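Written out below as structure tokens is the structure these notes cover.
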Amino acid sequence: MNRLRWRVVVLVLLALAAGLILLANLLFGSSGLVWPGAPQGPLAQAILLELRLPRVLAAFAAGGLLALAGALIQVLTRNPLADPYILGISGGAATGALLAILFGLPLWLQHLSSSLGALAALLAVIALAHGEGAWTRHRLLLTGVVLAAALGALITLLLALAPETALRGMLFWLMGDLASAPAPWFALLGLVALTLLILPWARDLNILTRGEASALALGVAVPWLRWGAYLIAATATALAVITAGSIGFVGLLAPHLARLLVGADHRLVLPGAILLGGSLVMLADLLARTLIAPQQLPAGALLALIGAPLFLVLLYREARR
């Protein structure tokens, strides 16, 4: 079996693994084991179709969107440590969404505000990191961390202004809680649409990883590719934040794992990262619902406990290169 076929097989196995995790999320939860045709009858069906199915689909959509955004940002910045959370893009999306929620704006304006916040944060990081000269990997990373800290302070002020009745829900949402996730269909449709938009550019993304000069010499429309990919990454981050709150490290870990498993070809990396990102968030949500059942933990906090040490390992490896 040649290398390409093996990588396609790995991609199929990732899809099967995601399906098994989705099934486990449907069967297990804080209310115990539930399956179709169980003695609970209509109650089991209601738990499966009205509670668990929308939640697990929202988890997969959020993880897939963050992984897609992370993969694109790592290519565009040529920085393997970049992701929407670390660069402050998730913070920008959360700030925009919280402002819309605080002013009582409808859901579509919350989505728009979150998208604008994510795009503004991304552009700010690029502009500040570039400064008077060319950016470096560590300069970009440091700028993103500082911006994320500033946006975190702004989010704290918004929480201080929020009414007490909404404060607990907003805090859990910011920690990456899927208990109050909206209907997942919009996020799923967004994930499918954004993936279909970027996949035709996968070959150009492969060329861009060799450098902008090489890409221009080979006929790649680099400015259009960059701006299109930036917009897709910002939109994906905003949709994920609206769906599941601020979930960190998925956009960093999923693309790395995908490249380890299927190579560097973005025709395989992008779908592989989406499957891995969705699986990570679904698995974290399953643990959040079952570890101390019937109480539930925020999935984002569990992912941060896993992702933070792994990020330090990756940072150490990059510093030694």
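Let me make sure I get this right: for the stretch 75-221, a, b and c are the square roots of the gyration tensor eigenvalues over alpha carbons, sorted descending. Under 1.5 in a/c it's rounded, otherwise prolate if a/b > b/c, else oblate. Which is it? Because a/c hits 1.5 or more and a/b fails to exceed b/c, the stretch 75-221 counts as oblate. When restricted to Cα atoms, the chain yields an Rg and a Dmax of 19.6, 68 Å, respectively.
Using only side-chain charges placed at the Cβ, +1 for Lys and Arg and -1 for Asp and Glu, the dipole size of the stretch 211-317 relative to its Cα centre rounds to 60 debye.
Projected onto its three principal axes, the C-alpha set of the stretch 181-274 covers 46, 28, 20 Å, listed from the longest axis down.
Heavy-atom accessible area, probed at 1.4 angstrom with all protein chains present, ranks W173, W108 as W108, W173, highest first.
For the listed peptides 197-203, 155-161, 185-191, a ranking on the average number of other beta carbons within 10 Å per residue, highest first, reads 185-191, 197-203, 155-161. Calculate the translational D of the stretch 138-187 in whole µm² s⁻¹ from Stokes-Einstein, where the hydrodynamic radius comes from the Kirkwood formula applied to all Cα pairs, the temperature is 20 °C and the viscosity 1.002 mPa s. Once the numbers are plugged in, D ends up at 165 µm²/s.
A 1.4 Å probe over all protein chains sorts E212, E50 by accessible area into E50, E212, starting with the largest. Candidates L218, T165, G152 compared by Cα position along the dipole of the stretch 73-218: farthest toward the positive end lies L218, with charges placed on Cβ. Phi angles of the stretch 144-160 translate, via the Karplus equation with coefficients 6.51, -1.76, 1.60 and θ = phi - 60°, into HN-Hα couplings of x, 5, 5, 5, 4, 5, 5, 5, x, 5, 5, 5, 4, 5, 5, 5, 5 Hz per residue; Gly and Pro are given as x. Calculate the spin-label point distance for V313 paired with L196, positioning each point 7 Å from the Cα along the beta-carbon direction, and give it in nanometres. If labels sit at L196 and V313, their model points lie 3.8 nm apart. At q = 0.10 Å⁻¹, what is the base-10 log of I(q)/I(0) for the stretch 49-127 according to the Debye formula with one equal point scatterer per Cα and no solvent? Please give it to two decimals. Result of the Debye calculation: -0.29. Judged by the mean number of other Cβ atoms found within 10 Å, the most tightly packed of the peptides 299-305, 81-87 leads the ranking 81-87, 299-305.
Evaluating 6.51 cos²θ - 1.76 cosθ + 1.60 at θ = phi - 60° for every residue in the stretch 79-86, the Karplus couplings come out as 10, x, 9, 7, 7, x, 6, 5 Hz, glycine and proline recorded as x. Look at the Cα gyration tensor of the stretch 178-229: its axes a ≥ b ≥ c give a/c of at least 1.5 with a/b over b/c, and that counts as prolate. Dipole check for the chain: with +1 at the C-beta of Lys and Arg, -1 at the C-beta of Asp and Glu, and the Cα centre as origin, the magnitude is about 880 Debye.
The values are calculated or read from the model by the stated rules, or taken from the named source; none is laboratory data. None of these values were measured; they are calculated from a predicted model. A quick note on method: Cβ atoms are made from the backbone with ideal geometry, for glycine too, and the neighbour counts reach across all protein chains shown. The protein model used for the area step is the full one, side chains on, heavy atoms only, and it has no ligands, DNA or RNA in it. Shrake-Rupley method; radii C 1.70, N 1.55, O 1.52, S 1.80 Å.
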